[in-house]
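Engineer: Quick one: the structure is below, and I'll ask about it shortly.
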Amino acid sequence: MGISSAHPAPLQPAARVVRFLGRAAGRLRGAHPPFRIGDVVTGDDPFNGRRTGTVTVIRAPFVGLRIPGTPAGTLVYFDHRDVEALR
């Protein structure tokens with residue numbers, strides 16, 4: 001009995017690994033923040049309002065900002081989707 005066109009052939013183990021790695025790479029590329037260390041940006045915090053600071057740390061998908069007026073060594077982290085570059 002042959003394989004009908006209604007039922008695709010099962011994936012081989014190597015094809016499964018390739019598909020898994022392709023999906024993982026796509027998620028990593030999509031989560032990379034479009035900012036560089038040293039950029040001045042504005043983060044929108046739903047509880048404390050907008051805060052302007054300098055990008056100090058990037059740990060996808062989060063961006064760590066050094067905000068003027070905060071104690072030394074204090075970073076405020078934002079999701080990169082809530083951060084805008086100053087124009």
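The values are calculated or read from the model by the stated rules, or taken from the named source; none is laboratory data. It should be emphasised that the depicted structure is a prediction, and the values quoted were computed from it without experimental measurement. For neighbour counting, all protein chains shown are included, and Cβ atoms are generated from backbone atoms with ideal geometry for every residue, glycine included. Heads up: the accessible areas ignore ligands, DNA and RNA and are worked out on the full protein's heavy atoms, side chains in. Shrake-Rupley method; radii C 1.70, N 1.55, O 1.52, S 1.80 Å.
Engineer: List pairs: first residue in region 55-82 and of a type in the set (Gly, Ala, Ser), second residue at pLDDT 90 or above anywhere in the structure, Cβ distance under 7 angstrom, at least six positions apart or on different chains.
Structural biologist: What qualifies is 64/56; 64/57; 64/75; 64/77.
Engineer: Any residue at all in region 53-76 that is β-branched (Val, Ile, Thr), open to solvent by less than 30 Å² (accessible area, probe 1.4 Å) and not in a strand (DSSP E or B)?
Structural biologist: yes
Engineer: Tell me, please, whether a residue that is modelled with pLDDT under 90 and over 15 Å from the mean Cα position of the chain (by Cα) can be found in region 54-64.
Structural biologist: No, the conditions are met nowhere in region 54-64.
Engineer: How many residues, within region 36-52, are surrounded by 11 or more Cβ atoms within 10 Å (Cβ to Cβ) and either of a type outside the set (Ser, Thr, Tyr) or within 30 Å of residue 24 (Cβ to Cβ) (or both)? Step through it out loud before you land on a result.
Structural biologist: Filtering region 36-52 down to residues surrounded by 11 or more Cβ atoms within 10 Å (Cβ to Cβ) leaves 37, 39-45, 51-52.
Within this subset, residues satisfying the condition of being either of a type outside the set (Ser, Thr, Tyr) or within 30 Å of residue 24 (Cβ to Cβ) (or both) are 37, 39-41, 43-45, 51.
Selection size over region 36-52: 8.
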